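The block underneath contains the structure these notes are about, expressed in structure tokens.
Bear in mind that the values in this text are calculations on the coordinates, not laboratory data. What you see is a predicted model; the values in this text were computed from it and never measured. Note that we place each Cβ from the backbone using ideal geometry, even for glycine, and neighbour counts take in every protein chain shown.
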């Protein structure tokens with residue numbers, strides 16, 4: 001399902017479930033793979049990936065089996081696909097990090113996923129495309145379900161990427177706010193924290209989660225951000241002319257209006273700040289008005305996070 005599996009958290013916590021098997025499609029496979037949460041709850045995880053347009057043949061299961069035997073927690077991209085090709089390219093160019101502790105913890109939320117209409121195409125951008133870009137970055141990463149983090153589990157990675165944290169109650173907001181005091185770089189995108197249970201979209205609620213003041217704009221076309229290259233360390237590896245986001249018409253838009261924040265990019269076609277960073281005592285928050293941050297930007301942010309934490 002492109003909008004996610006709302007029962008996943010219950011399955012991970014059930015003493016009657018020994019292991020999980022999912023069959024994912026390209027539009028949803030990114031968030032259907034919270035391997036770190038599955039490992040945390042001691043649930044072996046097998047993710048079977050269906051054929052895609054760029055990989056119509058049957059999957060080479062012997063290679064997937066070898067990956068599991070080598071210690072992989074799961075395979076997100078099917079071998080032979082464009083996203084896997086990007087990973088191999090990163091390896092050949094020396095951009096793939098060696099085995100070791102995760103550099104990025106991607107945190108996904110099934111409840112928020114249910115608020116994304118699959119018909120709009122936004123779900124595929126927010127979830128699957130973001131995970132493809134994370135894979136293409138060559139960074140070591142793990143995927144957590146939001147519920148584990150709000151229940152007190154703090155991933156060890158220096159960079160926390162909140163992929164789709166849109167709907168949060170007050171208790172969850174307070175718990176996530178404590179992460180800012182633990183020396184990490186926190187990255188949020190699009191409608192981060194913009195909704196509370198049984199309420200509408202509000203820019204003030206983004207501030208209560210991210211600590212960065214934003215306002216809403218009436219979207220009038222594709223939601224895209226052009227990061228400013230060469231801002232060390234946040235956009236260090238970003239090439240000139242880079243744009244990211246979605247080609248879908250999305251409303252509302254959000255933009256940063258926080259005078260304390262450092263502007264790192266603009267909403268395409270406007271002067272509004274679409275990418276911004278706020279540095280605090282021992283922590284940094286980055287907010288992107290568009291989803292699906294590109295691989296080069298993720299590498300830059302991971303570099304900033306590792307420099308901050310000394311990892």
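Highest average first, the peptides 182-190, 274-282 ordered by how many other beta carbon atoms sit within 10 Å of their residues are 182-190, 274-282. Computed over the range 244-311, relative contact order equals 28 percent, with contacts defined as Cα pairs under 8 Å that lie 6+ residues apart. Residues 170, 145, 306, ranked from the fewest to the most other C-beta atoms within 10 Å, line up as 170, 306, 145. Annotation: extensible slack from residue 10 through residue 151 equals 49.4 nm (criterion: 0.36 nm per residue apart, minus Cα-Cα distance).
In terms of the Cα gyration tensor, with a ≥ b ≥ c the square roots of its eigenvalues, is the range 158-303 rounded because a/c is under 1.5, prolate because a/b exceeds b/c, or oblate? Oblate, since a/c reaches 1.5 and b/c is not below a/b. Ordering 131, 195 by the number of other Cβ atoms within 10 Å of each residue's own Cβ, fewest first, gives 195, 131.
Multiplying the residue separation of residue 174 and residue 114 by 0.36 nm and removing their Cα-Cα distance gives an extension gain of 19.3 nm.
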